[in-house]
Amino acid sequence: MEVELDDFGSPRPEEKPDFAQLASLPPSEKYYTEFCGQQIFIDSSDWRHSKRLQFQIAASYCNFILFGLAEQTVGTLIPKLQDHYHINDIHTSYIFLASTSGYFAMALLSEQFHRALGYKGVSMMGTMCMMSAYLVASLEPPYFVLVIGYVFSGIGFGSLDASLNAWMGNLVDSNQLLGILHGCYGIGCMISPPLITHLVERKKNPWPWNAYYVVLTAVAASCFVFFAVTFRDETPLKFRFQVLLNEERRREQGEGNAESKADQESQDSDASYVHVRVEEYSADKLKGKNQNSEVEDSPNSGNHKHAVSDSTNSGNHKHAVSDSPDARTSVDYQESTSSATLLGANTHSENHFEYSEPEDSDSSASLSSALKSPLVWFFSTIMFLYVGAEVAFGAWLVTFLVRIKLFPYKQASYMATTFWTGLTAGRIGLGFVTAHYFLSELAANWTYIGMSVLGQLLFCVFAFTPATAVLFVVVFVTGLFVGPIFPTTIVCALEILPVKYHATGVGFICAFGGGGGAMLPFLVGLIANQSVSGLQFYPFVILAIYGVLVVAWSVLYYRYRHIKRRLLV
């Protein structure tokens, strides 16, 4: 249902909307409001009540499938790229560094781009950069041009990753939606290895390696059109408004939790206060009168004193006041609480919807401000380790299996697909497990990281045995528990970080994670380049990274274990 702001009293253009009142609306409400002299439409944040939101979510899912398709293209094509360009493992790793440089550039400029372009502009810019990069790669350019093209791919990846994570993290069912979102990334990663292998290895009319980039260009162009249509109203002004509104919701939710915790104490205090006032009132009324007389006080007398008589609709029950303590305290509780409510009614009605914004408050914090937060850096480090380990494992798995395990190229690509299949299933399925079987995302993520360490340990054990079938199972289960870590970490960051850091802070966290997605695969490339058998240390490097990750998350969990899941419904 759409609610016109006229219902609340439309503010003048120079005034700010009543954020306290708007924040009290349920997430399913839709309404128009004026902000900075312009009318903006606020859609429902519950996907069940908005077709437009459903299409926006679908556009985001399509874009993350593109992410996965592009991400695994390099890892699957490493042998082909090395044959075509006559490059070694270190030179191949330059692609990862180039992508990260673009990703990091967007981390530094995320806040400025969101202010200037809004979610619509950022999404369209991101898909345009990715489309341009893949178009260049499809032309089979010189290697240094291919590397430069991946800088633009990183810009697109970084802008969309940060933007869509922050946007979707503020929707109803954010944990499940983010799980599916990153599951779509896994779907793309799952599709690329077997599809590329089939196209470039088939006996009849095999594709050259660069032809697959035409497919990526077409998918990116489709995402560009999808975003342009579905996000057409996500303007810069609306972005600023929603950040302020989310801040107010967070503030009210925090106050509500504190108030509910003190509810019983407050009721006891009110009852005690009423009790004393009744005794004082009775003593005053009895002055100069016979002690056995009956005393009545009208509720309409206008003096807001507590009634000693019962004036409910059920009858005129009068309470006799005597010297006996029992008689003085035999005032009906409902009557007393009604009078207590009346005493504070005027103050409450004047201040309940009053919104007071600090003078230095703004719609979102600058990057320099966000980087002063230790929490932003802590989450960034966790994401750096996680994304780096995930990408390094997936990117070098095919090469490891071909070079060290002597697998056929096609069989190696199938095992890579097994990992990404498990990751996809984990991100989609375990998101619902998190929502229904864990008290908080912090506890769920601690479990998933611990199981990922166990999976990597088993991979280290079975990678050097002939038990190929068991290795397939281990790789799948490892991917299953690795999968939900990213979206669950984003939800935890949105729960713990102040709202003003949601654009810049989460953007930097994702970008720093992208840095890990380049630096750690590059590190594996350096190790692999040391000798012919250097890549055999690759499983142990990944295991060590996950070991550090579980220690870091344990510290975070111990510090914030009291935080429960956000309830947006």
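For the stretch 430-448, the criterion of being modelled with pLDDT of 85 or more, in a helix (DSSP H, G or I) and within 19 Å of Ile187 (Cα to Cα) is satisfied by at least one residue.
Conditions (1) farther than 25 Å from Gln112 by Cβ; (2) part of a helix (DSSP H, G or I); (3) without any contact (Cβ under 8 Å) to a residue 24 or more places away in the chain, marked per residue:
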| position | (1), (2), (3) |
| --- | --- |
| Pro193 | yes, yes, no |
| Thr197 | yes, yes, no |
| Pro206 | yes, no, yes |
| Tyr212 | yes, yes, no |
| Leu216 | yes, yes, no |
| Ala221 | yes, yes, no |
| Val225 | yes, yes, yes |
| Lys238 | no, yes, no |
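Checking each residue in the stretch 449-490 for being touching a Phe, Trp or Tyr at 6+ places or on another chain (Cβ under 9 Å) and outside any helix (DSSP H, G or I) picks out Ala463, Gly483, Pro484. On the stretch given as the stretch 407-429, residues that are assigned to a helix (DSSP H, G or I) and either of a type outside the set (Ser, Thr, Tyr) or not assigned by TED's automatic domain parsing to the domain that holds Glu71 (or both) total 14. The residues on offer are Thr478, Thr489, Thr424, and the sole one that is closer than 24 Å to His562 by Cα and surrounded by 23 or more Cβ atoms within 10 Å (Cβ to Cβ) is Thr489. If you go through the stretch 377-384 one residue at a time, do you hit one that is among the polar types (S, T, N, Q), more than 25 Å from Pro498 (Cα to Cα) and surrounded by fewer than 21 Cβ atoms within 10 Å (Cβ to Cβ)? No, that holds for no residue. Residues that are surrounded by fewer than 20 Cβ atoms within 10 Å (Cβ to Cβ) and among the hydroxyl-bearing types (Ser, Thr, Tyr) were ranked within the stretch 70-115; the one that is nearest to the chain's Cα centre (by Cα) is Ser101. Take Ala528 and decide whether it is crowded, with 22+ Cβ neighbours inside 10 Å, over 20 Å from the mean Cα position of the chain (by Cα) and either under 23 Å from Ala416 (Cα atoms) or not β-branched (Val, Ile, Thr) (or both). So Ala528 fits the description; yes.
When you look at Lys405, is it among the charged types (D, E, K, R) and either at pLDDT 90 or above or under 30 Å from Ile78 (Cα atoms) (or both), yes or no? In short, yes.
So is Gly118 in contact (Cβ under 8 Å) with a residue 60 or more places away in the chain, out of contact with any His (no Cβ under 9 Å at 6 or more places or on another chain) and buried (at least 24 other Cβ atoms within 10 Å of the Cβ) or not? So Gly118 fails the test. Scanning for something farther than 28 Å from Ala211 by Cα and assigned to a helix (DSSP H, G or I), does the stretch 132-145 turn up at least one residue? No, there is no match, as no residue in the stretch 132-145 is farther than 28 Å from Ala211 by Cα and assigned to a helix (DSSP H, G or I).
Taking the stretch 532-553 as the range and being of a type in the set (Gly, Ala, Ser), at pLDDT 75 or above and closer than 20 Å to Asn88 by Cα as the test, only Gly534 passes.
Table: residues versus (1) modelled with pLDDT of 80 or more; (2) in contact with a Ser or Thr (Cβ under 7 Å, 6 or more places away or on another chain).
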| residue | (1), (2) |
| --- | --- |
| Leu458 | yes, no |
| Leu471 | yes, no |
| Phe476 | yes, yes |
| Thr488 | yes, yes |
| Leu494 | yes, no |
| Gln530 | no, no |
| Val555 | yes, no |
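Just so you know, in the stretch 557-566 the residues that are assigned to a loop (DSSP other than H, G, I, E, B) and either within 17 Å of the chain's Cα centre (by Cα) or surrounded by 13 or more Cβ atoms within 10 Å (Cβ to Cβ) (or both) include one that is modelled with the highest pLDDT, and it is Arg561.
The values are calculated or read from the model by the stated rules, or taken from the named source; none is laboratory data. What you see is a predicted model; the values in this text were computed from it and never measured. When we count neighbours, we look across all protein chains shown, and the Cβ atoms used for this are built from the backbone with ideal geometry, even at glycine.
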